[in-house]
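Colleague: Structure incoming, see below.
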Amino acid sequence: MKNLAMLTDLYEFTMANGYDAVAKDKQGIFDVFFRQIPDNGSFVINAGVQQVIETVQNLHFNDEDIKYLQSLQIFSADFLDYLKDFQFNCSITAIPEGTPVFPREPVMTVRGPLIQTQLLETFILNILNHQSLIATKARRITFAAEHKPVMEFGARRAQGPDSAVYGARAAVIGGCTSTSNILAAQMFDIPAAGTMAHAWVESFPDELTAFRKWAEIYPDNASFLIDTYDVLNSGVPNAITVFKELSQNGQTVKGGIRIDSGDITQLTKKTRQALDEAGLPQIKITVSNALDEEVIQSLLNEGAPIDNFGVGEKLITSASSPVLSGVYKLAAVVEDGQLIPKIKVSANRGKLTLPGIKKTYRLYYPQTHQAFADVIALEDEEITNRLTVVDSNPVSITKPIQLSDFEAVELSQPIFLNKQVQQLETDVFQIQQHCREQLTHLPKATLRIVNPDAYPVYITTKLAQLQTDLVNQNLKN
Ligand SMILES: Nc1ncnc2c1ncn2[C@@H]1O[C@H](COP(=O)(O)OP(=O)(O)OP(=O)(O)O)[C@@H](O)[C@H]1O
Ligand SMILES: O=P(O)(O)OC[C@H]1O[C@H](OP(=O)(O)OP(=O)(O)O)[C@H](O)[C@@H]1O
Ligand SMILES: O=C(O)c1cccnc1
């Protein structure tokens, strides 16, 4: 992971410089959370924690950085010395990657010297917002694909190299099975997959020769792109001819075809029929062309016989909902050993923050192990089997609710403590498996991609009281 120490907004540096001058010993506790879910979904798939940890482990300011900051002529010599000898000294708890998370739940909490916690804001949000956005989109797309393999094809349309590489990682967390992006495949141990481009077909005098040459080089698993000229009148018959030539020695040939334009339902139905009639039922059909969860759902509803999907631009850019506005908010400071909860009260009541150090619990029915709500509590609260809670959404006006007979599982884990990485799953397919497993416990109506049911996220009455007290106190000041 690159050193992202300088990937921060100027105001983080000016505040850190100020803390160095007037609040050197103060500690800060910051929470990362989301308020709104992309595509009117009901949850986000948490992703990017590993890259945050790799970044903080490698955080330093080199001579060039110090020289540049000095040239701005706004930072004290003391602060620049502090940066020169920067020793990362914060602790981080986080909800594991792949976990579905809901609005207002702290997905990551950073605690440490205010000077440091402040400097981390921008790159932490940059990493978590990006990867969680793409993992969430990938979950929608792979859910629509009904567990047929989805290959990530987006590198060429991603918004820059990092988005291609880390987007491919996030896409796998959200459910993709492979990527065409060789760098991401190499870095994260993801199967590399692909077919061929129109250029291969065009580079030969005719399509049949193009397929034959490809089959000579890749006889064990040839995948032909059949829409360069005419799918049904040229692509399909030529592919069948070459598959038959390949199987002349009596072996069952493995392979596939890809269709990348036109009405995919009609073309795949006719292609499937022709392949089956030619005795080639094992040949797989892959489709691509600006696919997303809506198109995929529509194709499968129409009964299109598709084995694999290749999905690029709409996935890697989360085109239908390209922003995840996760935020990093101060929840408390520690001054002279005393914890002081903090709150942001803005004109927009929806932006009211949750003060104090908190824990998030997922509540399950003990018999079915189905999750029915999450609760955010203050860290020292005991979550017993009887609990009075209120809606966590500050704009909703509802009465307190009694919850009983549940199993509560805390979602966050210590990830980085005493300069050491604690529990951190790094295998992307293990993370994908965790995601899949977690989703099986959520209500079916919450998983829907169109108009999903909102999943309840509550706060304890103690936390609600602290929030109200701090609002009143701050309005008085
Ligand atoms: N049966 C279908 N139902 C819903 N959407 C479909 C269906 N078949 C194709 N699509 C989608 O419709 C969109 C437009 O398809 P079309 O073939 O017109 O694309 P195009 O980009 O104009 O073609 P080309 O890639 O050849 O330039 C694509 O997103 C494609 O995936
Ligand atoms: O459509 P996506 O979901 O991004 O999938 C990847 C696209 O990339 C390739 O297209 P190419 O770059 O050759 O462009 P074209 O299909 O628009 O001609 C491929 O043939 C797919 O159409
Ligand atoms: O291998 C493929 O078929 C592929 C790879 C990237 C983009 N479009 C298609």
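Colleague: Mind putting a number on the dipole of the stretch 221-321 about its Cα centre? Charges go on the C-beta only, +1 for Lys and Arg and -1 for Asp and Glu, and I need it in Debye to the nearest 20.
Modeller: 360
Colleague: Between LYS284 and LEU7, what FRET efficiency follows from the Cβ-Cβ distance if R0 is 56 Å, with the result rounded to 0.05?
Modeller: Working from the Cβ atoms, E equals 0.85.
Colleague: Label point 7 Å out from ASN474 along Cα-to-Cβ: which residues of the stretch 350-379 have amide N under 17 Å?
Modeller: 350-358
Colleague: Considering the convex hull of the alpha carbon atoms of the stretch 318-407, report its projected area averaged over all viewing directions, in nm², one decimal.
Modeller: So the Cα hull casts an average projection of 8.9 nm².
Colleague: What is the distance, in nm, between label points placed 7 Å from the Cα along the Cα-to-Cβ direction at SER76 and at HIS60?
Modeller: Reported label-point gap for SER76 and HIS60 is 2.6 nm.
Colleague: Oh, and also: Taking LYS269 as the anchor, which lysines have their alpha carbon closer than 30 Å to its alpha carbon, excluding any fewer than eight residues away along the same chain?
Modeller: LYS137, LYS148, LYS213, LYS244, LYS254, LYS284, LYS314
Colleague: Only Cα pairs under 8 Å and at least 6 apart count here; give the relative contact order of the chain as a rounded whole percent.
Modeller: Computed over the chain, the figure is 20 percent.
Colleague: How big is the Kirkwood radius of the stretch 195-283, worked out from every pair of different alpha carbons and given in Å to one decimal?
Modeller: Across the stretch 195-283, the inverse of the average 1/r is 12.9 Å.
Colleague: Does the stretch 434-473 come out rounded, prolate or oblate, given a ≥ b ≥ c as the square roots of the eigenvalues of its C-alpha gyration tensor, rounded meaning a/c under 1.5 and, failing that, prolate meaning a/b above b/c?
Modeller: Here the stretch 434-473 falls in the prolate category.
Colleague: Along Cα→Cβ, 7 Å out, is where each label goes; now give me the distance between the ones at ASP162 and LEU232 in nm to one decimal.
Modeller: Each label point lies 7 Å from its Cα, and together they span 4.9 nm.
Colleague: Kirkwood Rh and Cα-based Rg: tell me the resulting Rg over Rh for the chain, rounded to two decimals.
Modeller: Using only Cα positions, Rg/Rh for the chain is 1.06.
Colleague: Name the residue from LEU330, ALA454, GLN433 whose Cα lies farthest towards the positive end of the charge dipole of the chain, charges +1 on Cβ of Lys and Arg and -1 on Cβ of Asp and Glu.
Modeller: Toward the positive end, the furthest listed residue is ALA454.
Colleague: Classify the stretch 378-452 as rounded, prolate or oblate from the Cα gyration tensor: take a ≥ b ≥ c as the square roots of its eigenvalues, call it rounded if a/c is under 1.5, otherwise prolate when a/b beats b/c and oblate if not.
Modeller: oblate
Colleague: I'd like the FRET efficiency for GLU277 and GLU313, computed as 1/(1 + (r/R0)^6) with the beta carbon distance as r and R0 of 22 Å, rounded to 0.05.
Modeller: 0.05
Colleague: For GLN402 and THR461 in one chain, what is 0.36 nm times their gap in residues minus the Cα-Cα distance, to one decimal in nm?
Modeller: The span from GLN402 to THR461 would gain 20.2 nm if fully extended.
Colleague: Carbon and sulfur together cover what percent of the accessible area of the chain at a 1.4 Å probe radius?
Modeller: Carbon-and-sulfur percentage of accessible area, whole number: 48.
Colleague: Further question on the same structure: Normalised by the residues of the stretch 249-382, what does the relative contact order come to in percent, with Cα pairs under 8 Å and at least six apart?
Modeller: Computed value for the stretch 249-382: 14 percent relative contact order.
Colleague: Also, quick follow-up: Among the aspartates and glutamates, which fall within straight-line cross-link reach of LYS419, defined as a Cα-Cα distance under 18 Å, with same-chain neighbours fewer than 8 residues apart omitted?
Modeller: Partners within reach: GLU54, ASP85.
Colleague: So how much slack lies between GLN430 and LYS213, counting 0.36 nm per residue of separation and subtracting their Cα-Cα distance, in nm?
Modeller: Roughly 74.3 nm would be gained on extension.
Colleague: Compute the distance from the alpha-carbon center of the stretch 417-473 to that of the stretch 132-148, in whole Å.
Modeller: One Cα centre to the other: 18 Å.
Colleague: I've got another one for you. 222 nm [θ] for the chain, helices only, -39500 (n - 2.57) per DSSP H run of 4+, per residue, to 500?
Modeller: -11500 deg cm²/dmol
Colleague: List the lysines whose alpha-carbon lies under 16 Å from that of LYS399, not counting same-chain residues fewer than 8 positions away?
Modeller: LYS462
Colleague: In addition: Heavy atoms only, probe 1.4 angstrom, no DNA, RNA or ligands counted: give me ILE376, ILE37 ranked by accessible area, highest first.
Modeller: Output order, biggest surface exposure first: ILE37, ILE376.
Colleague: May I ask you to give the solvent-accessible area per residue for the chain, in square angstrom, as obtained with a 1.4 angstrom probe?
Modeller: 46
The values are calculated or read from the model by the stated rules, or taken from the named source; none is laboratory data. All figures in this text were calculated on a predicted structure; none of them were measured in a lab. Here the Cβ is made from the backbone with ideal geometry for all residues, glycine too, and neighbour counts use every protein chain on show. We work out accessible area using only protein heavy atoms, side chains counted, and drop any ligands, DNA or RNA first. Shrake-Rupley method; radii C 1.70, N 1.55, O 1.52, S 1.80 Å.
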